[in-house]
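Okay, so here's the structure we're looking at.
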Amino acid sequence: MINLAGRDILHAWGRFVFTGIGLGLLIGVTLSMAGIYRGMVDDGKALLGNSGADLWVVQKDTLGPYAESSSLKDDVYRSVLGMPGVARAANVAYLSMQVRHGEADVRVMLVGFEAGQPGEPGYLVAGRHITRNHYEAVADVKTGFRVGERVRVRRHDYTVVGLTRRMVSSGGDPMLFVPLKDAQEVQFLKDNDAILNERARTAANPQLNRPGVPGLLESIQASQASSHSVNAVLVQVQSGADPEEVAAGIRRWKHLQAFTRVQMEDIVVAKLIATSARQIALFLVILAVVSAAIVAFIIYTMTLGKIREIAVLKLIGTRNRTIAGMILQQALGLGLIGFVVGKTVATLWAPVFPKYVLLEPGDALRGFVIVMLICALASTLAIRAALRVDPATAIGG
Amino acid sequence: MQEFGIRIEGLRKRYGEGDTAVDALKDVNMTVAPGEVVGLIGPSGSGKSTLLKCLGAVIEPTAGRMTLGDELIFDNAWKTRDLRALRRDRIGFVFQAPYLIPFLDVTDNVALLPMLAGKPNALARQRAAELLAALDVSHRAAARPSQLSGGEQQRVAIARALANQPPVILADEPTAPLDSERALGVMRILNDMARQYRTAIIVVTHDEKIIPTFKRIYHIRDGCTFEEAGEGRTL
């Protein structure tokens, strides 16, 4: 038996292909939306994975350091190091900020870390690690910085000595790694006017400026101008130790919050990007409905354009299921063309997106099945119209 | 060769019910022998199309008998009969416009019917090739309908009607869009095919050019048929 759907498609392939391309662009947008969501999840996991930590110790009663602000004194890590099961512990400071790059600003997550400790960028794609205590930086390639370039952060210039890759915040901002002390200064140090004002206020306070206690005022002013705060302590547990048990000990005895990797993933993926995920999910639903409506409309219109031929086919004895099969195959053919175009354009334009777009084969497979289902569903309207065609229409009168 | 003709006795068709009921066919009687071509002539609204639809097993008559060969078509058991298969295997249709399937080439337009009847593609295409040769359009076998002239399209439509060797062909104004020469050419083909395949052919027409070619003519007026001898002019 002749494949009527295939012959019809070949006969009007131009219209069919261009319609498929239009549908494909819509499917491409849908796949990209799914890819953006996957990218957000992957960014969050990359953030946790690249930190090299098993536990995140943060301020009590907070979900820091990524989902909420958290502040700890920078000597907390010493007491954490003394806990059973802890192999390494190191301070880190995080700060999202704009950094000037040429004529434009680059949004980065500034990361202060201690060399050789958890929190250090795992690998470099160019240059070297930070070796000096101040004013050197390692940047993610997405910042656009180059090795040797000097970038200004607050009051100081930093030399980019190395480049890394896939080091991004949960929001997709590329990271700029600097020595911890510099990050603390950037994050907590006040500007000169504020320092002068604070000194004057302190000196004017008779409780703090006692003539009989030499050195008191200077000590207080020095403590006000220095920072000893960090956002979190990253902990690596000893081999064989249960991270949950170590975290429970820290919570119990140090009065701090400690999250395991599973808990932190839950915070980053389920809580931090929950609103964005819902937003994308709604977009996906809307795009699916729009795609279904477009396919239904196109197939319905194509079918209405063939009413006379369908009437003739029915009059000469073509089975209803043959006619329904022809329309269904055309709808599926349209879906197939649309999916191939959509997958291709989504892959081509993914690198252009400012945020990471992760197109997973599993999502593509699910997308293909959904597109086929939508096309099959959308064809029912046209099939219904075709089956209602009276073969007597061909005779006329 | 099949020995079928068509016989209609007291055929009636009523549309609607009660006060709005319209009797489209009141008393139709008709007999067409195998190999015969008869004309069916009548003014607009006389019931031609309704009769054609009943003959084509597209609509059910209200009363009367219709026999195709030795088989009673519309009887009490007609609802269980596969009218779709009946139309496919036992009745051929030729329309005013050829209504060829635009996305199939000429061969497949003709071969489609045998294929629908379950014949293998190769056999169906062989049958199509024979018919196209008989109708002198085999040189256009690979063309699309849109690439054919009006006369060629109508010859392909006739080949399609003959594809399953039906005992009856219903031709609805088959020469209307054609000039005199081509119209007479189509009638010559129909007569040749009727003789060659022993097919009973009913030609519904208004076309003055071809009316003299019929040996027998049925006039239909107000839902009733009247038989008349035609000129039977040699083609």
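The values are calculated or read from the model by the stated rules, or taken from the named source; none is laboratory data. Just so you know, these numbers come straight off a predicted model, no measurement behind them. Here the Cβ is made from the backbone with ideal geometry for all residues, glycine too, and neighbour counts use every protein chain on show. Only protein heavy atoms, including side chains, enter the accessible area calculation; ligands, DNA and RNA are left aside. Shrake-Rupley method; radii C 1.70, N 1.55, O 1.52, S 1.80 Å.
Details
- Single residue of B:Leu52, B:Leu25 found to be within 14 Å of another protein chain (Cβ to nearest Cβ), buried (at least 20 other Cβ atoms within 10 Å of the Cβ) and under 17 Å from the mean Cα position of the chain (by Cα): B:Leu52
- A:Gln98 meets each of the listed conditions (1) within 24 Å of the chain's Cα centre (by Cα); (2) at pLDDT 90 or above; (3) not in a strand (DSSP E or B) apart from (3).
- Total residues in segment B:144-162, condition under 17 Å from B:Ile202 (Cα atoms) and either modelled with pLDDT under 90 or touching a strand residue (DSSP E or B) at 6+ places or on another chain (Cβ under 9 Å) (or both): 7
- B:Glu71 being away from chain A (no Cβ under 12 Å), surrounded by fewer than 16 Cβ atoms within 10 Å (Cβ to Cβ) and within 27 Å of B:Leu184 (Cβ to Cβ): no
- For B:Gly230: the one exception among (1) open to solvent by 80 Å² or more (accessible area, probe 1.4 Å); (2) at pLDDT below 85; (3) closer than 25 Å to B:Met66 by Cα: (1)
- Summed over segment A:11-47, the residues that are among the charged types (D, E, K, R) and in contact with a Phe, Trp or Tyr (Cβ under 9 Å, 6 or more places away or on another chain) give a count of 3.
- Residue check, A:Gly24 at positive phi, touching a residue at least 24 places away in the same chain (Cβ under 8 Å) and away from every other protein chain (no Cβ under 14 Å): no
- Restricting the first member to segment B:208-235 and to residues that are in a loop (DSSP other than H, G, I, E, B), and the second to residues that are open to solvent by 70 Å² or more (accessible area, probe 1.4 Å), the beta-carbon pairs closer than 6 Å and six or more apart or on different chains are B:Gly223/B:Lys26; B:Gly230/B:Lys215; B:Gly232/B:Lys215; B:Leu235/B:Arg188.
- Elements of the type helices (runs of 4 or more DSSP H) sitting completely within segment A:253-344 and holding at least 2 residues that are touching a residue at least 24 places away in the same chain (Cβ under 8 Å) and farther than 30 Å from A:Ser71 by Cα: these cover A:274-304, A:307-315.
Matching residues to (1) crowded, with 16+ Cβ neighbours inside 10 Å; (2) part of a loop (DSSP other than H, G, I, E, B); (3) within 14 Å of another protein chain (Cβ to nearest Cβ):
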| position | (1), (2), (3) |
| --- | --- |
| A:Leu359 | yes, yes, no |
| A:Gly362 | no, no, no |
| A:Leu365 | no, no, no |
| A:Ala378 | yes, no, no |
| A:Ala382 | yes, no, no |
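- Of B:Ala142, B:Ala159, B:Ala171, B:Ala163, all but one fail to be within 21 Å of B:Phe103 (Cβ to Cβ), in contact (Cβ under 8 Å) with a residue 12 or more places away in the chain and within 12 Å of another protein chain (Cβ to nearest Cβ); the exception is B:Ala163.
- Figure legend. Inter-residue proximity from segment A:44-69: first residues free of Cβ contacts under 8 Å to residues at least 12 places away in the same chain and in a loop (DSSP other than H, G, I, E, B), second residues open to solvent by less than 30 Å² (accessible area, probe 1.4 Å) and β-branched (Val, Ile, Thr), beta-carbon distance below 8 Å, spacing 6+ or different chains. Indicated pairs: A:Glu68/A:Thr62.
- Residue in segment A:137-152 that is assigned to a loop (DSSP other than H, G, I, E, B), modelled with pLDDT under 90 and either of a type in the set (Ser, Thr, Tyr) or more than 23 Å from A:Met40 (Cα to Cα) (or both) present: no
- Enumeration of residues in segment B:89-120 that are over 19 Å from the mean Cα position of the chain (by Cα) and either within 17 Å of A:Pro391 (Cα to Cα) or more than 8 Å from every other protein chain (Cβ to nearest Cβ) (or both): B:Asp105, B:Val106, B:Thr107, B:Gly118, B:Lys119, B:Pro120
- Considering residues of segment A:306-332 that are within 30 Å of A:Glu360 (Cα to Cα) and either open to solvent by less than 20 Å² (accessible area, probe 1.4 Å) or among the aromatic types (Phe, Trp, Tyr) (or both) only, the residue nearest to the other protein chains (Cβ to nearest Cβ): A:Gln330
- Selection of segment A:279-305 for residues being among the small types (Gly, Ala, Ser) and either buried (at least 19 other Cβ atoms within 10 Å of the Cβ) or over 30 Å from B:Arg87 (Cα atoms) (or both) yields A:Ala281, A:Ala288, A:Ser291, A:Ala292, A:Ala293, A:Ala296.
- Annotation: B:Ala97 fulfils all but one of (1) surrounded by 19 or more Cβ atoms within 10 Å (Cβ to Cβ); (2) in a loop (DSSP other than H, G, I, E, B); the unmet one is (1).
- Qualifying residue in segment A:17-34 (condition: part of a helix (DSSP H, G or I) and among the aromatic types (Phe, Trp, Tyr)): yes
- Per-region count, segment A:104-144, residues open to solvent by 70 Å² or more (accessible area, probe 1.4 Å), closer than 22 Å to A:Gly172 by Cβ and out of contact with any Ser or Thr (no Cβ under 8 Å at 6 or more places or on another chain): 2
- Exactly one residue out of A:Gly82, A:Gly49 is under 16 Å from A:Gln263 (Cα atoms), surrounded by fewer than 24 Cβ atoms within 10 Å (Cβ to Cβ) and either touching an Asp or Glu at 6+ places or on another chain (Cβ under 6 Å) or not assigned by TED's automatic domain parsing to the domain that holds A:Tyr300 (or both), and it is A:Gly49.
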